[in-house]
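Following: one structure in structure tokens, then a few remarks.
Each reported figure results from applying straightforward, stated rules to the coordinates on display, with no laboratory input. Values in this document were obtained by computation on a predicted structure and should not be read as measured data. When we count neighbours, we look across all protein chains shown, and the Cβ atoms used for this are built from the backbone with ideal geometry, even at glycine.
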Amino acid sequence: MVTLVGGIEAGGTKFVCVVGTPDGEIKDSVRFPTEAPEQTMANVFKFFDQYDVKVIAIGSFGPIDINEDSATYGYITSTPKPGWTNFDFVGAMEKQYPGVKILWTTDVNIAGYGEYKAGAAKGHKNVLYVTVGTGVGVGYVQDGKFFQGFSHPEGGHMLPRRYPGDDFKGVCPYHGSCIEGLTAGPAVEARAGKKGHLLAVDDKVWDYEAFYLAQACATYTVTFRPDIIVFGGGVMKQEQLFDKIRKQTAELLNGYLDTPNMEDYIVHVGLGDDAGIKGCLLWAGDNL
């Protein structure tokens, strides 16, 4: 009999639930919009009630509490998503599935794990994963474990130097012109007046994007010294960004640190939109 594990990629826009094998083979999956917790969790339970799984790994939008010594471990905390603030996600899962091991981390960590095990970063020990989509999130897998202090990194909220002459205020409700506020999908749309996929590849917006994301890469490099930086998310489907980011990152580092060849160091996600759900299954499998 095949052992089954499960995963939940819990996003602010949609949830993806998956059941599969410990080596990452997907057997069944379902996706549905992220509504209020009551409706959303009812859909989660409807899916997993069909299966006998040993472990369920969750990669969630955040901020979340991943400190196992905290009284609110397993909670989604200060999210702006209506209804989800201080929601006890892990507690709800453990109540519904007593005896099933529930694993809990961020959505970017879990996608980074998928890339580390089976994607663009396979074969590397220290993997920094960045998603640039609705927001900007950063996860770091260090020799198979997620990096954290008292909580998870929030690498999308560092404050960069401004592009000369750029007076765009940014869209982050907390920091305005942080990396997320300047480069995430809503920032592209606010700056250009239309969504990124409708813009020409030589639109000036992409120069701004590359300028700020290169600063992020340089900062991540001097802070974490990863083996590889993997970019995912909808905005990074703009392939023209990569050469710009690589060139400017190298200029910012200015020969101070040894890094791999930039084409091998700053790369696009290898598993595409499946990085998160693959990461869930693989992490669950590694924790059987």
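Once both labels are positioned 7 Å from their Cα atoms along Cα-to-Cβ, the gap between Asn86 and Ala71 label points is 1.1 nm. Among the GluC sites (Glu not before Pro) found in the stretch 68-149, those both in a DSSP coil and sparsely packed, with 15 or fewer other Cβ atoms within 10 Å of their Cβ, are Glu68. Equivalent-ellipsoid semi-axes for the stretch 1-149 (Cα gyration tensor, √(5λ), whole Å, largest first): 22, 20, 15.
With a threshold of 32 Å on the Cα-Cα distance, the over-threshold entries among Lys54/Lys122; Lys145/Lys169; Lys27/Lys194; Lys195/Lys244; Lys81/Lys169; Lys27/Lys204 are Lys145/Lys169; Lys27/Lys194; Lys27/Lys204.
Across all directions, the average flat footprint of the convex hull enclosing the Cα atoms of the stretch 67-190 is 10.0 nm².
Extents of the stretch 24-103, largest first, come to 34, 29, 23 Å (Cα atoms, principal axes, whole angstrom). With contacts taken as Cα pairs under 8 Å at a separation of at least 6 residues, the stretch 130-288 carries a relative contact order of 21 percent.
Within the stretch 223-263, the GluC sites (Glu not before Pro) that combine a DSSP coil assignment with at most 12 other C-beta atoms in a 10 angstrom radius are Glu239. With loop membership from DSSP and a limit of 16 other Cβ atoms within 10 Å, the longest segment of the chain without trypsin sites (Lys or Arg not before Pro) is 1-121. Shown here is the pair-distance distribution of the stretch 142-288: with all Cα-Cα distances grouped in 5 Å bins from zero up to the longest one, the shares run 2, 8, 17, 20, 21, 16, 10, 5, 1, 0, 0 percent. Please list log₁₀ I(q)/I(0) at q = 0.08, 0.10 Å⁻¹ for the chain, using the Debye equation with identical point scatterers on the alpha-carbon positions. Reported log10 I(q)/I(0), two decimals: -0.33, -0.52. Taking the square roots of 5 times each eigenvalue of the Cα gyration tensor of the stretch 182-223, largest first, gives ellipsoid semi-axes of 23, 10, 7 Å. The alpha-carbon of Lys14 sits under 16 angstrom from the alpha-carbons of these aspartates and glutamates, leaving out residues fewer than 8 places away in its chain: Glu35, Glu38, Asp107, Asp273, Asp274. Across the alpha-carbon set of the stretch 1-62, the Rg to Rh ratio works out to 0.97, Rh being the Kirkwood radius.
The region of the chain that goes longest without hitting one of the chymotrypsin sites (Phe, Trp or Tyr not before Pro) in a DSSP loop, each with at most 15 other Cβ atoms within 10 Å, is 175-255.
Summary value for the chain: 22 percent relative contact order, contacts being C-alpha pairs under 8 angstrom separated by 6+ residues.
Considering all different alpha carbon pairs of the stretch 140-222, the Kirkwood hydrodynamic radius works out to 13.9 Å.
Counting only DSSP beta bridges whose two residues both lie in the stretch 1-154, roughly 70 percent are antiparallel. A dipole drawn for the stretch 134-221 from +1 and -1 charges on Cβ atoms has a positive end, and of Val171, Phe211, Ala200 the residue lying farthest that way is Val171. Each of Gly83, Tyr73, Gly133 was placed along the dipole of the stretch 43-166 (beta-carbon charges, centred on the mean Cα), and the one lying farthest toward the positive end is Gly133.
Diagonalising the gyration tensor over the Cα atoms of the stretch 160-205 and scaling each eigenvalue by 5 before taking the square root yields semi-axes of 18, 13, 8 Å, largest first.
Using Cβ point charges alone (K and R +1, D and E -1), the dipole size of the chain about the Cα centre works out to roughly 240 debye.
Here the alpha carbons of the stretch 175-255 define both size measures, Rg and Dmax, at 12.7, 38 Å.
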